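Bear in mind these aren't lab numbers, they're just calculated from the coordinates by the rules spelled out. Please read these numbers as outputs of a predicted model, since none were measured by experiment. Cβ coordinates were reconstructed from backbone atoms using ideal geometry, including for glycine residues, and neighbour counts include every protein chain displayed.
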Amino acid sequence: MSHLLEIKDLQVTFGGLDALSGLNFHVDEGEIVSVIGPNGAGKTTFFNTITGLVEPTGGDILFQGDSILGLEPNEVTALGIARTFQNVRLFPNMTILENVMVAQHCRTSQQVFGALFQTKAFKKEEEEIRERGKEVLSFFGSRLVGYRLDQPAFMLSYANRRRLEIARAMATQPRLMLLDEPVAGMNPSETAELTELIGRLRTEWGFTIVIIEHDMAVVKNVSDRVVVLDHGVPIASGSYEEVSTDPDVIEAYLGRPVESHA
């Protein structure tokens, strides 16, 4: 059986420097896999390459068995890969509901004609998008629904902006979600809540998830597997317990211990 996502010998070079080098990676349907590594390890470049924002210099990326190299980001999204960003990217002057509605347009069938002339089919589809948006936002409890639906996104707290970005990714109806540091900047209570939500994204919505994360408590609590990158090269893969005690991983994070000379 083929993997949902399979990456073969991926190479990304910027100005003669390898951001990723010989990277092999896979995720299977229903898994939660965390990608960790020190700053500069190539983690965000890894996501950018999968989603068509960066063109690799070598290797291949297969989604559902087919290569997605050369596709534009919107085409990758339409295939079923959604992502969030390390730095939140919302439409700040659009309402919370509009932010989620606009994400669904990769799944719509009505074209400019329908929008211009407000056809019956267009209005029906727009209402379906609106209701689906409300359903997605309700996943986050009371934080993004009710009176907040019509609030502009810039009025949200930082943590709720993070939640809204995840909601927007959910609204594209993906099979695979890529979460780039989803708990960055959150306090311990917010982090614990979002960690639970990540598990529910799989159990309740059926998403396969790949996470980039620095918070090891989150990684430990949600991951089926952990892959460790260092300078664009995978140095370890396995359960959290296996990689957290791997000498190469400890050295990548903490440096080589100084040898004493008695």
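Over all pairs of different C-alpha atoms, region 169-262 has a mean inverse distance whose reciprocal, the Kirkwood radius, equals 15.0 Å. For region 1-83, the pair-distance distribution built from all alpha carbon pairs, in bins 5 Å wide starting at 0, is 3, 14, 26, 27, 20, 7, 2, 0 percent. Other residues with beta-carbon under 9 Å from the beta-carbon of Ile211 carry, at +1 per Lys or Arg and -1 per Asp or Glu, a net charge of -3.
Residue ranges 21-27, 88-94, 226-232, 148-154 sort as 226-232, 21-27, 148-154, 88-94 when ordered by packing (mean number of other C-beta atoms within 10 Å per residue, highest first). Could you pull out which residues in region 186-215 have an amide N less than 11 Å from a spot 7 Å beyond the Cα of Arg175, following the Cα-Cβ vector? Within reach of a label on Arg175: 208. Computed from the C-beta positions of Arg89 and Leu254, the FRET efficiency with R₀ = 30 Å rounds to 0.40. Note on Lys123: lysines with a C-alpha under 30 Å away, same-chain residues under 8 apart excluded, are Lys134. Over region 129-211, the Kirkwood radius and the radius of gyration, each from Cα atoms, give a ratio Rg/Rh of 0.93.
Among the GluC sites (Glu not before Pro) within region 148-213, those in coil by DSSP and having at most 14 neighbouring Cβ atoms inside 10 Å are Glu204.
Taking the chain, how much of its Cα-Cα pair set, in percent, is spaced more than 27 angstrom apart? The share of Cα pairs beyond 27 Å in the chain comes to 41 percent. Treating r as the C-beta distance of Gln64 and Phe14 and R0 as 25 Å, the FRET efficiency rounds to 0.30.
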